[in-house]
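The values are calculated or read from the model by the stated rules, or taken from the named source; none is laboratory data. Just so we're clear, the structure is a prediction, and the values are computed from it rather than from any experiment. A quick note on method: Cβ atoms are made from the backbone with ideal geometry, for glycine too, and the neighbour counts reach across all protein chains shown. Only protein heavy atoms, including side chains, enter the accessible area calculation; ligands, DNA and RNA are left aside. Shrake-Rupley method; radii C 1.70, N 1.55, O 1.52, S 1.80 Å.
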Amino acid sequence: MIFFESIDSTNTWAAAHFAELADGELVVAAVQTAGRGRLDRTWISPRGNIYASFVLKNVSGPLLGVAAGSLAVLDLVRELAPGEKFHIKWPNDVFRGTAKISGILAQYICPRNGAPGGLVTGIGVNLNMSRDQFASASQEATSVSILTGAPCDCEAALARFESLLHIHAATLRSAPDTLFARWKSENGLLGRRVEFLAGDGSRLTGLFRDIAPDGSVIFDEDDGRSRTLNCGDVRLLTRA
Ligand code: BTN
């Protein structure tokens, strides 16, 4: 594990140093001063939470690395807040009901020589965020400590998270179909009515019917058209 007390963003650092980093390396920071989220959002990053970027070499695309990351988060938060119900919200957020507890920002690194690429999977997990610290968040969010009512030991959680990541990364190599099947089955949006904010800014409503083998959403629009969508954000239209 490579640890920084404070850094702009573990993803920015890991992507810039990708060639020197080993497969399976985890880059971690106690604080991020310019944490980044998907769709150009900011990831608020005060002390007390997990900010980590996981390096995978020789992967053919981002899907399975992201699946390994979100399953490691899911297993972690289920251990830290037993009795709470968590699910993956496509593509890779982890939610408790309607509130987000973790987000993932994947950066696929393409070598110029056509060799298999690599992946930096940046993962933020809210362990000790308070309601006040979420005041400027763009969406409903929660943390382990809000759910349990007690502080969460960040160091112990990080150590457990690292081992869970390695377990799922090993499955990625030995049994990718098993990893994909579990990631898909943990997705809380399957079969639900959702609003899909597509990459071009358009909003579609309909049924989140299935997830294709490449990770895209198979979406039945309210007007009857079926579409395959691979980029965007999804919001449940009815309560989980
Ligand atoms: C999202 O939900 O929008 C993704 C959030 C990803 C946050 C993590 S924290 C560690 C890594 N470094 C970053 O700057 N972002 C990711």
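Annotations for the structure displayed:
- Choice from Gly118, Gly69, Gly83 showing the highest fluctuation, given a GNM over the chain with Cα pairs closer than 10 Å: Gly83
- In order along region 139-145, the phi-based Karplus estimate (6.51 cos²θ - 1.76 cosθ + 1.60, θ = phi - 60°) of 3J(HN,Hα) comes to 8, 4, 9, 9, 9, 4, 5 Hz; Gly and Pro are listed as x.
- Distances between placed amide hydrogens fall under 5 Å for Met129 paired with Val144, Ser145, all partners being 5 or more residues away or on another chain.
- Accessible surface, per residue, of the chain when the full set of protein chains is kept, probe 1.4 Å, Å²: 46
- By the helix-only formula, in which each DSSP H run with n ≥ 4 contributes -39500 (n - 2.57) and the sum is divided by residues, the chain has a 222 nm mean residue ellipticity of -8000 deg cm²/dmol.
- Cβ-Cβ distance of Asp23 and Glu79, R₀ of 22 Å, FRET efficiency by 1/(1 + (r/R0)^6): the value works out to about 0.30.
- Whole-number D in µm²/s for region 1-119 (Stokes-Einstein; Kirkwood sum over Cα pairs; 20 °C, 1.002 mPa s): 142
- Cα-based shape type of region 115-208, given that a ≥ b ≥ c are square roots of the gyration tensor eigenvalues and the cut on a/c is 1.5: oblate
- Modelled spin labels at Asn230 and Asn58, positioned 7 Å past Cα toward Cβ, are 2.4 nm from each other.
- Membrane-span-like helices in the chain, defined purely by DSSP H runs whose alpha carbon atoms cover 15 Å or more axially and whose average Kyte-Doolittle hydropathy reaches -1.0, are 63-80, 154-174.
- Relative contact order, percent, region 101-198 [alpha-carbon distance under 8 Å, six or more residues apart]: 17
- Of the trypsin sites (Lys or Arg not before Pro) found in region 73-111, the ones in coil according to DSSP and having at most 13 other Cβ atoms within 10 Å of their Cβ are Lys85.
- Size of the chain as Cα extents on the principal axes (Å, biggest first): 51, 50, 31
- Ratio of the Cα radius of gyration of region 31-88 to 2.2 N^0.38 Å, where N counts its residues: 1.32
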